[in-house]
Amino acid sequence: MAAGQVWSTSMEQFVIGFWGCYFGATVMMLAGSAFAFSCSLRRIAFNAAMVSLAAAFSVLAFLGALPIADAATLDRFLAAVASLVSALLIYFFFTTLGLLRQPETRRRLASALLALADVVVFSGWLMSPRQALMAGIGMACLMGMLALALSLRSAWQGERLGWLIVSGIFFMLVAIAGLGWIALDRAHVPWLVHAVSALAATTCLASISIVLWTRYSYGVELHEVMAQGPDYDPVTHMRSHGETGQMVDAAFMQHQNEPAPVGIIAVSIANFYALEKLHGRSAVNHALFVSAGRLRRVVPAHVEMGRLGDDGFLLLMPGSRDSGRLIRLARMVHACLSKSVVLNTRQDVGARGYRQTRWAAEVGVGVLRLSQADEHAAAAVAMAQGMSRTAWSYPGRLAWYDEKSGEIAELPVIAS
């Protein structure tokens with residue numbers, strides 16, 4: 001008997017340790033949300049605090065920590081908590097997946113989730129308290145499986161945070177199932193259910209924290225970019241104007257020592273001036289930020305990049321013996337940068353869905369391959385930049401310098 005009591009006590013301490021880990025993670029998430037609020041990212045801070053507090057409250061309720069002595073009242077209250085908190089978490093995951101960019105869509109989904117939760121809560125009064133609790137847990141699991149299916153589809157389609165959100169929803173379902181078991185059979189539930197539920201809830205919270213941190217770091221970076229302007233290096237995470245000149249000089253010095261062709265791609269964006277006049281300098285900074293990020297993703301690692309003026313970028317490909325690769329890269333750059341993007345038109349980047357505009361860059365690309373060692377760096381770059389501006393008038397927006405004929409020609413448009 002004594003040995004059994006010692007075993008029971010040790011298991012209780014073990015369970016308390018697992019749930020203590022979860023609530024410790026909750027406190028850390030709240031501290032992070034307070035820090036985000038101090039950095040003027042109020043929307044992100046509010047989302048983090050709301051999700052963490054709602055999840056922590058539901059865990060406390062299902063563990064029986066609330067001062068509700070009547071079992072029937074507790075079961076009905078837990079049914080309402082399961083319905084409302086699961087609706088809140090599903091709404092958060094849908095928002096993170098980017099499925100709710102339109103304000104009307106957000107309002108419709110919020111109304112639908114709230115109506116579904118209300119139906120489950122009020123229909124529970126037609127059932128016994130235990131049946132009402134089971135209905136609330138069942139609704140939470142069904143909505144979680146729907147969200148899991150949608151997140152899997154988004155992950156397969158290449159959503160940047162898709163698989164992280166899939167893991168968060170999966171562990172949320174595990175935590176819901178475990179907490180439901182604890183609430184339905186509180187006196188006889190195995191300690192292993194507590195351990196698995198606590199670990200799943202902690203992992204789900206960690207996934208949410210990483211997702212929010214990704215959004216937060218993007219917001220902080222974008223806030224600095226929009227405030228400082230194009231001369232601030234984090235705008236593009238590329239070489240600044242002066243460092244770009246040093247990059248060109250180094251490449252041409254190497255070209256003189258080792259006479260291998262140098263490929264130059266100059267990119268100029270025509271409609272930055274119009275964007276600034278319509279929406280202000282912060283919108284231009286956001287457009288530069290997005291364009292540079294896209295450029296880094298599409299350009300191979302051996303190609304060097306830098307800023308070129310206030311409206312363009314410069315790409316250098318040392319040892320460019322194959323002009324076909326240079327042309328293919330130019331086409332990829334043009335296709336990538338020409339895609340439309342939703343720009344923030346005010347510096348409060350945490351306010352999603354407000355003061356935004358869809359914009360597409362008018363890109364001109366100049367392609368130049370130098371095989372002679374006596375070319376001057378400044379003249380070559382100026383020529384490539386002039387070709388990129390000339391390309392604005394071409395249907396395909398790509399200009400190529402033909403060394404044999406000594407003429408600038410348009411690259412023909414090919415099917416993607």
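What is the log10 of I(q)/I(0) for segment 44-89, computed with the Debye formula using one identical point scatterer on each Cα and no solvent, at q = 0.20, 0.22, 0.23, 0.32 Å⁻¹?
Rounded to two decimals, the profile gives -0.64, -0.73, -0.78, -1.15.
For Arg108, Arg76, Arg307, write out the residues from largest to smallest accessible area, computed with a 1.4 angstrom probe and no ligands counted.
Numbers: Arg108 160, Arg76 50, Arg307 10 Å².
Descending order: Arg108, Arg76, Arg307.
Tell me, what is the 1.4 Å probe accessible area of Leu116, in Å² to the nearest 10?
80
Can you send over the solvent-accessible area of Val365, 1.4 Å probe, protein chains only, in Å² to the nearest 10?
Probe radius 1.4 Å; accessible area of Val365 about 0 Å².
Using the Karplus equation 6.51 cos²θ - 1.76 cosθ + 1.60 (θ = phi - 60°), what ³J(HN,Hα) coupling, rounded to whole Hz, does each residue of segment 174-182 give in order, writing x for Gly and Pro?
Couplings: 4, 5, 4, 4, x, 5, x, 4, 4 Hz.
With a 1.4 Å probe and all protein chains left in place, how much of the accessible area of segment 100-200 comes from carbon and sulfur atoms, in whole percent?
Working: 3880 of 5490 Å².
On segment 100-200, the fraction of accessible area on carbon and sulfur atoms equals 71 percent.
From Cα coordinates alone, what are the radius of gyration and Dmax values for segment 99-182 in angstrom?
15.0, 45
Calculate the all-directions average of the projected area of segment 260-332's alpha-carbon convex hull, and give it in nm².
4.9
Please compute the alpha carbon radius of gyration of segment 114-158, then divide it by the globular-protein estimate 2.2 N^0.38 Å. Two decimals is fine.
1.50
The values are calculated or read from the model by the stated rules, or taken from the named source; none is laboratory data. The structure presented is a predicted model; accordingly, all values stated were derived computationally and were not measured. With ligands, DNA and RNA removed, areas are computed over all heavy atoms of the protein, side chains included. Shrake-Rupley method; radii C 1.70, N 1.55, O 1.52, S 1.80 Å.
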